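Asker: What follows is a single structure, and I will ask about it in a moment.
The values are calculated or read from the model by the stated rules, or taken from the named source; none is laboratory data. Here the structure is a predicted model, which is why all the values come from computation and not from measurement. Note: ideal-geometry Cβ built from the backbone for every residue, glycine included; neighbour counts use all protein chains shown.
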Amino acid sequence: MYTPKDFENWKRFAQGTWGHDYHPELKPDSNTVVMNPHKGLSNFWTGDAAIQLRQYGVETIILYGMSANMCIESHARDAIENGFDLIIVADATAAAGDAAYEAALTNFEFLAHEVVTTKQIMKRLRSAKE
């Protein structure tokens, strides 16, 4: 897990700073599992992803984040290797430049069961709640 020492020099993504909070429409509710942070490229190797997801009976992962060609792609590969169904939200995923983003999108099409937009996944999640 991260310690206060890890965050001493961080300017972003530390709790209470700009860039840390969730998009308002994607903010976790009381029914959402939030896993511990990872320090490598995938929580399946350096965190508790597989354990948490299996304990809760999760079969499908909706994946999005800030590093398409690194963390997101690494998590995607590991999720598939661990037997999970995978949906990637392409427009809620960033990268270090257009080339990295486009390369990741190409790989997402091969890795994920579906690649969707935020609007598409939000519509599905809302209808699933009803």
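Asker: Given the conditions (1) of a type in the set (F, W, Y); (2) in contact (Cβ under 8 Å) with a residue 12 or more places away in the chain; (3) within 30 Å of K5 (Cβ to Cβ), and given that Y22 satisfies all but one, which numbered condition is not satisfied?
Answerer: So the condition that Y22 fails would be (2).
Asker: While we're looking at this one, here's another question. If you scan region 107-130, which residues turn out to be of a type outside the set (A, V, I, L, M) and in contact with a strand residue (DSSP E or B) (Cβ under 9 Å, 6 or more places away or on another chain)?
Answerer: Within region 107-130, F108, E109, H113, E114, T117, T118, K119, Q120, R124 meet the criteria.
Asker: If you don't mind, another one. So which of G47, G65 is touching a Ser or Thr at 6+ places or on another chain (Cβ under 8 Å) and at pLDDT below 90? First the steps, then the outcome.
Answerer: Numbers: G47 fails: touching a Ser or Thr at 6+ places or on another chain (Cβ under 8 Å).
Just a single option satisfies the conditions, and that option is G65.
Asker: While we're here: Which condition number does E59 fail, the rest of (1) under 11 Å from the mean Cα position of the chain (by Cα); (2) modelled with pLDDT of 90 or more being met?
Answerer: Tallying (1) under 11 Å from the mean Cα position of the chain (by Cα); (2) modelled with pLDDT of 90 or more, E59 fails exactly one: (1).
Asker: For the structure I just gave you, tell me whether V115 is more than 20 Å from P28 (Cα to Cα), assigned to a strand (DSSP E or B) and of a type in the set (A, V, I, L, M).
Answerer: yes
Asker: Something else: What do you reckon, is V115 modelled with pLDDT of 95 or more, hydrophobic (A, V, I, L, M, F, W, C) and more than 11 Å from the chain's Cα centre (by Cα)?
Answerer: Details: modelled with pLDDT of 95 or more: yes; hydrophobic (A, V, I, L, M, F, W, C): yes; more than 11 Å from the chain's Cα centre (by Cα): yes.
For V115, the condition - modelled with pLDDT of 95 or more, hydrophobic (A, V, I, L, M, F, W, C) and more than 11 Å from the chain's Cα centre (by Cα) - is met.
Asker: Here's another thing I want to ask about it. For the subset of region 68-97 comprising residues that are in a loop (DSSP other than H, G, I, E, B) and crowded, with 19+ Cβ neighbours inside 10 Å, which member is modelled with the highest pLDDT?
Answerer: Among those residues, the one meeting the criterion is F84.
Asker: Name the one entry in A100, A128 that is over 15 Å from the mean Cα position of the chain (by Cα), modelled with pLDDT under 95, part of a helix (DSSP H, G or I) and surrounded by 15 or more Cβ atoms within 10 Å (Cβ to Cβ).
Answerer: A100
Asker: May I pose another question? If I ask for residues that are in a helix (DSSP H, G or I), hydrophobic (A, V, I, L, M, F, W, C) and surrounded by 12 or more Cβ atoms within 10 Å (Cβ to Cβ), which ones from region 103-112 would you list? I'd like the intermediate steps shown before the answer.
Answerer: In the first step, residues of region 103-112 are kept if they are in a helix (DSSP H, G or I); the result is 103-111.
Next cut, hydrophobic (A, V, I, L, M, F, W, C) only: 103-105, 108, 110-111.
Result: A103, A104, L105, F108, L111.
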